[in-house]
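Chemist: Quick one: structure below, then a few questions.
The values are calculated or read from the model by the stated rules, or taken from the named source; none is laboratory data. A quick note: this is a predicted structure, and the numbers were derived from the prediction, not measured. A quick note on method: Cβ atoms are made from the backbone with ideal geometry, for glycine too, and the neighbour counts reach across all protein chains shown. Heavy atoms of the whole protein, side chains included, go into the accessibility calculation; ligands, DNA and RNA do not. Shrake-Rupley method; radii C 1.70, N 1.55, O 1.52, S 1.80 Å.
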Amino acid sequence: MDSRQHNTPKEPEIELFVKAGLDGENIGNCPFCQRLFMVLWLKGVKFNVTTVDMTRKPEELKDLAPGTNPPFLLFNKELKTDFIKIEEFLEQTLGPPTYPHLSPKYKESFDVGSDIFAKFSAYIKNSRKEANINFEKALLREFQRLDVYLNTPLPEEIDQDSVEDITISKRKFLDGDHLTLADCNLLPKLHIIKIAAKKYRDFEIPEDMTGVWRYLNNAYACEEFSHTCPADEEIEHTYASIARKMT
C-alpha cells in the first residue's frame with residue numbers, strides 16, 4: 001500500500017495595506033493600492049486587506065513599516081514595499097499551475113496608456129484659462145491613441161483563412177478578453193480621470209471613442225475592478241485641492 005502523502009502547496013499568508021478613505025475605514029483614493037488589490041483578486045489567492053488611516057497611522061504600523069506609505073504587503077510575515085516590486089514579486093511567486101499568469105502578451109498593451117495620467121495631471125493643475133484648450137487637446141490625443149489601440153484587432157483576432165476582414169476589435173480589455181497587469185495599471189487611473197475631470201473641468205471622454213467606452217464598460221462589469229474602486233467622493237476630495245481654479 002502506498003502510504004506517501006501528496007503535499008499540496010500551502011496557501012501563503014498575505015495582507016495588503018492600502019490607504020484609507022475619509023472615514024478612516026473604507027478604501028481611499030490611491031491608484032497604486034487599487035492596482036495591487038486587483039492583482040491579488042485576479043490571482044485567486046486568499047488575502048486580507050487592511051486600510052491605513054494616514055491622518056493617524058497606528059503605532060503597530062509605524063513599527064511594521066516605518067516611513068512607508070501604502071500600498072505595502074506582508075507575505076508570510078515578510079514586509080514588501082514599492083508597488084512595482086510587489087507586483088513583480090506576486091507575478092513570479094504566484095504562478096501556474098495554482099495561480100494564473102497576468103503578464104500581457106503584447107508590450108503595446110502596457111505602453112499605450114503610459115502618458116495619459118501625466119497629461120491629465122497637467123490638465124487638472126492648470127489655472128490659466130487661455131492654456132486650458134491646449135492641455136485638454138494633449139489629454140484627448142492620449143485618449144485617441146488608446147482608442148485606436150483598443151479598436152485595432154490583435155493578431156489572434158484575425159483569421160488568416162477567413163474571407164471576412166475584421167476591421168474593428170471586439171476584445172474586452174487591453175490585451176484580450178482577460179484582465180492583465182496592463183489593465184490593473186491603467187484602469188484605476190482612467191477611473192480617476194473620469195471622475196475628477198468631469199467634476200472640476202466638465203470634461204467627458206467623447207462618446208465617439210467607442211474602443212475606450214467598450215473597454216470601460218467591460219471593466220466596470222468585472223468585480224475585480226468595480227469592487228476595488230474608491231467612492232467618487234474620495235476622488236473628488238483628493239482633487240479639490242489639486243484642481244486649480246481658472247483665471
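Chemist: Any residue that is open to solvent by 60 Å² or more (accessible area, probe 1.4 Å), modelled with pLDDT of 95 or more and either of a type in the set (Val, Ile, Thr) or over 16 Å from ALA65 (Cα atoms) (or both) - is there at least one of those in the range 47-55?
Modeler: Taking every residue of the range 47-55 in turn, at least one turns out to be open to solvent by 60 Å² or more (accessible area, probe 1.4 Å), modelled with pLDDT of 95 or more and either of a type in the set (Val, Ile, Thr) or over 16 Å from ALA65 (Cα atoms) (or both).
Chemist: Are any residues in the range 213-239 over 18 Å from CYS33 (Cα atoms), open to solvent by 40 Å² or more (accessible area, probe 1.4 Å) and either touching a residue at least 24 places away in the same chain (Cβ under 8 Å) or outside any helix (DSSP H, G or I) (or both), and if so, which ones?
Modeler: If the condition is that a residue be over 18 Å from CYS33 (Cα atoms), open to solvent by 40 Å² or more (accessible area, probe 1.4 Å) and either touching a residue at least 24 places away in the same chain (Cβ under 8 Å) or outside any helix (DSSP H, G or I) (or both), then ARG214, ASN218, ALA221 are the ones that fit.
Chemist: What is the number of the single condition among (1) open to solvent by 30 Å² or more (accessible area, probe 1.4 Å); (2) not in a helix (DSSP H, G or I) that ARG171 does not meet?
Modeler: Evaluating ARG171 over (1) open to solvent by 30 Å² or more (accessible area, probe 1.4 Å); (2) not in a helix (DSSP H, G or I) leaves (1) as the failure.
Chemist: Still on this structure, please answer the following. Mind listing whichever residues of the range 32-71 are assigned to a helix (DSSP H, G or I) and charged (D, E, K, R)?
Modeler: Of everything in the range 32-71, those that are assigned to a helix (DSSP H, G or I) and charged (D, E, K, R) turn out to be ARG35, LYS43, GLU59, GLU60, LYS62, ASP63.
Chemist: For the list (1) among the charged types (D, E, K, R); (2) at pLDDT below 90; (3) surrounded by 17 or more Cβ atoms within 10 Å (Cβ to Cβ), I need the number of the one condition that LYS19 fails.
Modeler: All conditions are met except number (2).
Chemist: What are the residues in the range 95-120 that are more than 16 Å from VAL45 (Cβ to Cβ) and β-branched (Val, Ile, Thr), if any? Before you say what the answer is, go through the steps one by one.
Modeler: Initially, the range 95-120 is screened for residues more than 16 Å from VAL45 (Cβ to Cβ), giving 103-120.
Matches in the range 95-120: VAL112, ILE116.
Chemist: Out of SER162, SER127, report the one residue that is at pLDDT below 95, within 26 Å of GLU234 (Cα to Cα) and open to solvent by 30 Å² or more (accessible area, probe 1.4 Å). Spell out how you get there, then give the answer.
Modeler: Working: SER162 fails: within 26 Å of GLU234 (Cα to Cα).
Of the residues listed, the single one that is at pLDDT below 95, within 26 Å of GLU234 (Cα to Cα) and open to solvent by 30 Å² or more (accessible area, probe 1.4 Å) is SER127.
Chemist: Give all pairs with beta carbons closer than 6 Å in which a residue from the range 183-212 that is over 24 Å from GLU224 (Cβ atoms) and open to solvent by less than 10 Å² (accessible area, probe 1.4 Å) meets a residue that is at pLDDT below 95 and of a type in the set (Gly, Ala, Ser); count only pairs at least 6 apart in sequence or on separate chains.
Modeler: Short answer, once both residue conditions are applied: none.
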